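Notes for the one structure printed next.
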Amino acid sequence: ATPMSIMTATGRGAQAGVLIKNAEALERFEKVDTLIVDKTGTLTMGKPRLVDVLPQPGHDEAEVLRLAASLERGSEHPLAEAIVRGAEERDVKMDEARDFEAVTGKGVKGVVDGKAVALGNLAMIRELGLEAGDLTAKANARRDEGETVMFVVLDGDIAGLVAVADPVKETTPAAIKDLHELGFRVIMATGDNERTAKAIGARLGIDEIRADVLPEDKARIIKELQAEGRKVAMAGDGVNDAPALAQADVGIAMGTGADVAIESAGITLVKGNLDGIVRARRLARATMRNIR
Ligand code: ADP
Ligand code: MG
């Protein structure tokens, strides 16, 4: 690639909010055949809202929410924000949490009012030696609607479920269609539950879904695809996504996401929409075609 044509492409990209780090990133991106996208904040708005609190018999809805929200005040996860905001909107007073601990890809733990409280996914309750049991059907009904369900654990028992919804971005469906037309195989990788991921993936026509994925697994999935000879780009926004962005042939960070993600990326989408990837691909193709 000539320096001039690369400069033209990166300049055009920048005007459209697609920041291409260097010539290498552009050249590599033209060869990419597989695109891995994170769900939360990439396909979806990343602004989840609390939609329901489902207490177990003998537990009070407001109390379950109070315990959950008190703990989540210590977390920066979008799900935590949804729960805290949900509590505020419902005028539920929160308390200080002690011994707060975030368990990556699983949830949060701590002590509220002298009670051991934990909140998170199935992996989280399993870590505590618990099982979902007959709550599974209740949880699955919400997941089939594309909602994320979290278990609230109080002193070693499941006190209830919290359901959160994160709508798909308005620009996502058309972007997925364009990405397919540009020849990408699109894979969703998410820490979220498989049913939730499938409900959203099916609506969007995503080719493959990897759910219940821990952050370190994302980099491993990319390595496996690369070992099969695939050229992989990964789009993500989270602090957790940095290792995967670095492992990918081209890392694509959402400009709305964490700084570490942006540092690990070859391409940054200022607006954080997937249609930036469509534009980047068209620029890469046009540039490389001119050169050959
Ligand atoms: P992703 O961004 O791909 O959805 P994360 O690794 O950020 O994945 O989170 C994976 C899962 O871990 C979430 O879907 C949720 O079930 C659980 N989780 C993570 N952080 C929290 C939190 N602060 N509160 C509750 N659950 C959490
Ligand atoms: Mg994330």
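Read the figures in this text as sums done on the coordinates, not as results from a lab. Everything numeric in this text was worked out from a predicted model, so none of it was measured.
Between Gly146, Gly191, Gly11, the residue with the greatest mean-square fluctuation in the GNM of the chain (Cα pairs under 10 Å linked by springs) is Gly11.
Short-range pairs are left out: with C-alpha atoms under 8 Å and at least six residues apart, the relative contact order of the chain is 25 percent.
With both bridge residues required to lie in the chain, what share of the DSSP beta bridges run antiparallel, to the nearest 5%? Walk me through the intermediate numbers first.
Numbers: 32 of 51 bridges.
Counting only bridges with both partners in the chain, antiparallel ones make up about 65 percent.
Scattering from the chain was approximated by placing one identical point on each alpha carbon and applying the Debye formula without solvent; log10 I(q)/I(0) at 0.14, 0.16, 0.17 1/Å stands at -0.96, -1.16, -1.27. For the chain, a Gaussian network of Cα nodes joined below 10 Å ranks Arg281, Arg203, Arg230 by mean-square fluctuation, and the top entry is Arg203.
From the cross-link list Lys21/Lys47; Lys198/Lys218; Lys47/Lys198, which pairs have alpha carbons spaced over 23 Å apart? Don't jump to the answer; show the numbers that get you there.
Details: Lys21/Lys47 28 Å; Lys198/Lys218 17 Å; Lys47/Lys198 19 Å.
Correct reply: Lys21/Lys47.
For the range 62-125 and the range 2-33, what is the separation of their C-alpha centers, rounded to whole Å? Measuring centre to centre over Cα atoms gives 42 Å. Per residue, the average separation of C-alpha pairs within less than 8 Å and at least 6 apart gives the range 49-165 a relative contact order of 30 percent. Once every DSSP H run of n ≥ 4 in the chain is given -39500 (n - 2.57) and the sum is divided by its residues, what mean residue ellipticity at 222 nm do you get, rounded to the nearest 500 deg cm²/dmol? That comes out to -12500 deg cm²/dmol.
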